[in-house]
Amino acid sequence: AMIQATSAVRLEKTDEGVSAFEQLRTRVEYPQVSQALLHQQLIWMASADRISRSLEMLEPMLQEARQQVTSQPHDIESKLALGRCLETQSQVLGIQAVDTATLRASLEEAIQLFDLETVMTEAANAAVIKTFLDAHVRYVATVGRTDPDAAIERLTATREAIAKLRAGAQAPVALLDNAERALASSERRLAAALKHRSVIGELAPPLEPF
């Protein structure tokens, strides 16, 4: 009975939170702010045990964003909108890691959104740089938990991209510095994971032939 009561209270508070987000969005004058609030609402819902509903609401947004990029492959704003949807998707899926295959696919789609040539051309565009770096940093941190080798490869490539952006002297330095710090943190975790894997491999005795 106590568990049921606790669940009922949590459900009621979740409903109140969703209602508060929706009311706030109706009061916002600017579409971009309303969209940002919607993304925050979806992440909040997922953290409140509404992952399925959050993903259900996100799916049409993802499909529309993908269609826009397909029809206008060189349009920066369309790619940024898709990047925001993919970031939200990976955050929602990462809360409980309920679907690791879809999470990995989402992360890979995000890092392919902007190639380095485009990023170098748009180096003065903070939104592009942030989307590019955030996607790569998120990939390294998340994939590193299950596939350290792939994460290290991406980490190396991201550092090379950051070096080129620094050399170009147009990209916002603060964004580059933040990405470097995040990569360094992931690198320490990856080193520990690889060391652990090595120790386990050394301790495991070879199989005796039957």
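Each residue in the stretch 76-96 was checked for being out of contact with any helix residue (DSSP H, G or I) (no Cβ under 7 Å at 6 or more places or on another chain) and more than 15 Å from Lys130 (Cα to Cα), and 0 pass. Scanning the stretch 1-51 for residues that are over 30 Å from Glu77 (Cβ atoms), at pLDDT 75 or above, part of a helix (DSSP H, G or I) and touching a helix residue (DSSP H, G or I) at 6+ places or on another chain (Cβ under 9 Å) yields nothing.
Among the residues examined, Ser54 does not qualify as open to solvent by less than 70 Å² (accessible area, probe 1.4 Å), modelled with pLDDT under 90 and in a helix (DSSP H, G or I). Taking Arg166 as the residue in question, decide whether it is of a type in the set (Lys, Arg) and open to solvent by 50 Å² or more (accessible area, probe 1.4 Å). Yes: the conditions hold for Arg166. For Ala124, state whether it is over 13 Å from the mean Cα position of the chain (by Cα) and not in a helix (DSSP H, G or I). Against the criterion (over 13 Å from the mean Cα position of the chain (by Cα) and not in a helix (DSSP H, G or I)), Ala124 qualifies. Considering only the stretch 138-158, how many residues are of a type outside the set (Gly, Ala, Ser), farther than 18 Å from Leu86 by Cα, open to solvent by less than 50 Å² (accessible area, probe 1.4 Å) and at pLDDT 95 or above? Total meeting the criteria: 2. Does Asp115 qualify as being acidic (Asp, Glu) and free of Cβ contacts under 8 Å to residues at least 24 places away in the same chain? Here the answer is yes, as Asp115 does meet what is asked. Within the stretch 72-114, the set of residues being part of a loop (DSSP other than H, G, I, E, B) and either of a type outside the set (Phe, Trp, Tyr) or within 16 Å of Met45 (Cα to Cα) (or both) comprises Gln72, Pro73, His74, Asp75, Ala97, Val98, Asp99, Gln112, Leu113.
Does Gly94 fit the bill of being open to solvent by less than 30 Å² (accessible area, probe 1.4 Å), under 30 Å from Lys195 (Cβ atoms) and not hydroxyl-bearing (Ser, Thr, Tyr)? Judged against the criteria, Gly94 is not a match. Of all the listed residues (Leu82, Leu86), the sole one being surrounded by 18 or more Cβ atoms within 10 Å (Cβ to Cβ) and farther than 19 Å from Thr158 by Cβ is Leu82.
Taken residue by residue, the stretch 146-153 has at least one member that is out of contact with any helix residue (DSSP H, G or I) (no Cβ under 7 Å at 6 or more places or on another chain), of a type outside the set (Val, Ile, Thr) and part of a helix (DSSP H, G or I).
If you check Leu113 against the conditions, is it modelled with pLDDT under 95 and touching a Gly at 6+ places or on another chain (Cβ under 7 Å)? Criteria not met by Leu113.
The values are calculated or read from the model by the stated rules, or taken from the named source; none is laboratory data. All values reported here derive from a predicted model rather than from experimental measurement. Heads up, the Cβs are rebuilt from the backbone with ideal geometry, glycines too, and the neighbour counts pull from every protein chain shown. Ligands, DNA and RNA are excluded from the accessible area calculation, which covers all protein heavy atoms including side chains. Shrake-Rupley method; radii C 1.70, N 1.55, O 1.52, S 1.80 Å.
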